[in-house]
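Student: I have a structure here, written as structure tokens, and I will follow up with some questions on it.
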Amino acid sequence: MKKIQKFLEQQTFGVCTRLGEKLDIPGSSIRIFFIYASFITFGSPIILYLGLAWIMNFRQHLRRRNNRFWYS
């Protein structure tokens, strides 16, 4: 089960895990929240999830770029 969870986290941006680490909440609770909220609100939390994934990816890109300049 852990292998499946790790694979899914790698393929789905890791937003729930990262939020869980920042807020000190289990990532599985955040996943369940997104699933239930998506059903209740007809999918609008998916937009929030994708926005958070984009922000995380952009910040990671900026960190890599800044580190490259420091070590050049």
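Student: So R63 passes all but one of these: (1) modelled with pLDDT of 85 or more; (2) over 10 Å from the mean Cα position of the chain (by Cα). Which condition number does it fail?
Tutor: (1)
Student: Out of all the residues in segment 30-53, which are under 19 Å from G20 (Cα atoms) and of a type in the set (F, W, Y)?
Tutor: F33, F34, Y36, Y49
Student: Sticking with this one: Restricting to segment 1-34, what's the tally of residues that are more than 14 Å from the chain's Cα centre (by Cα) and at pLDDT 85 or above?
Tutor: 1
The values are calculated or read from the model by the stated rules, or taken from the named source; none is laboratory data. A quick note: this is a predicted structure, and the numbers were derived from the prediction, not measured.
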